[in-house]
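Presented below is the structure to which this report refers.
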Amino acid sequence: MIYTSNFSTVKNDPRGLAVCRSQPKWWSGEVEIRLAPATWEMVRMKDWDKFIQMFALQVKKLDVHEMAKLCEGRILLCWENIEKDHCHRELLLRWFRKNGYECEEYKPELDKRPKTVKNVSVKALINSPKQLGFF
């Protein structure tokens, strides 16, 4: 399972993986910049439909299987509260689900598992088809 959330919900949970262009000063965890919006222009964009188009073009260049392997058991983090604001985490969640991976917004009140991360090495998947779109 892959989870998504924000820094204020998860804090310093070792399963956290920042997927944003900047992180809180206190953040000492890992960062996966390839899953963050590619530019500051995108981060500041107010037109959600245009953002979706730009982010879709960005993730087309990624191998969803490699990213899912990297993110398995992790909580993908950025700043936004998706109950109030749009966030690229929504798009990542859809992208993973569309391609057959379990992904959902993290709910700490339902989490009874130990807060640990397996050390898994990620190897490039040669000749793996690139996955497109969110829907």
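Of the residues making up the stretch 13-25, those that are touching a helix residue (DSSP H, G or I) at 6+ places or on another chain (Cβ under 9 Å) and not acidic (D, E) are G16, L17, A18, V19, C20, R21, S22, Q23, P24. Within the stretch 83-135, if we keep just the residues that are in contact with a strand residue (DSSP E or B) (Cβ under 8 Å, 6 or more places away or on another chain), buried (at least 16 other Cβ atoms within 10 Å of the Cβ) and assigned to a loop (DSSP other than H, G, I, E, B), the residue that is modelled with the lowest pLDDT turns out to be C87. Check whether at least one residue in the stretch 61-80 is over 18 Å from R97 (Cβ atoms), exposed (fewer than 14 other Cβ atoms within 10 Å of the Cβ) and of a type outside the set (D, E, K, R), and report yes or no. No, the stretch 61-80 has no match at all.
With respect to the conditions (1) buried (at least 20 other Cβ atoms within 10 Å of the Cβ); (2) farther than 10 Å from L77 by Cβ; (3) small (G, A, S), S22 lacks only one, and its number is (1).
The values are calculated or read from the model by the stated rules, or taken from the named source; none is laboratory data. For clarity, every value in this text was computed on a predicted model and none was experimentally measured. Note that we place each Cβ from the backbone using ideal geometry, even for glycine, and neighbour counts take in every protein chain shown.
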